[in-house]
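Written below as structure tokens is the structure these notes are about.
The values are calculated or read from the model by the stated rules, or taken from the named source; none is laboratory data. What you see is a predicted model; the values in this text were computed from it and never measured. No Cβ is skipped: glycine too gets one built from the backbone with ideal geometry, and neighbour counts run over all protein chains shown.
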Amino acid sequence: MIGNLPFAPETGFGIQMKLKSIFTNETEYFSIGLEETSGKFYLSIPVSNRLVDYEEHNEIPKACFDRYLEKPDSALEFVEQCRNQRMDHLLMIKPGSDRF
């Protein structure tokens, strides 16, 4: 519980992540990094809803993290799948309903 509000992991409410971006591709608009609290690796992409621009963080295995660092272009297919919401099962925080 946070204050009088229950913790809701499916919405991400109450989750505090300590994100450390290791590499950013400014041409293709994605980054890869480490969530320092859990030790999980991620690939993030910018997204928008009607109210705000933000980033979605998709968990990736260490092997992918290493490969994407070594050869960033190898991440582009995964980036496209994330943009098309085909990798939502890997989101570290589930999005709200106001998402496009």
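Give the residues of region 85-95 that are under 10 Å from the mean Cα position of the chain (by Cα) and not in a loop (DSSP other than H, G, I, E, B), sorted by residue number.
Answer for region 85-95, where residues must be under 10 Å from the mean Cα position of the chain (by Cα) and not in a loop (DSSP other than H, G, I, E, B): ASP88, LEU90, LEU91.
Before we move on, is THR24 modelled with pLDDT of 95 or more, surrounded by 11 or more Cβ atoms within 10 Å (Cβ to Cβ) and among the β-branched types (Val, Ile, Thr)?
When the stated conditions are applied, THR24 passes them.
Please find, within region 27-71, the residue that is modelled with the lowest pLDDT out of those that are hydroxyl-bearing (Ser, Thr, Tyr) and either surrounded by fewer than 17 Cβ atoms within 10 Å (Cβ to Cβ) or touching a Pro at 6+ places or on another chain (Cβ under 8 Å) (or both).
Checked region 27-71; the qualifying residue modelled with the lowest pLDDT is SER48.
Test each condition in (1) within 14 Å of the chain's Cα centre (by Cα); (2) assigned to a loop (DSSP other than H, G, I, E, B); (3) modelled with pLDDT of 95 or more for CYS82 and report the one that comes out false.
(2) is the only condition that CYS82 fails.
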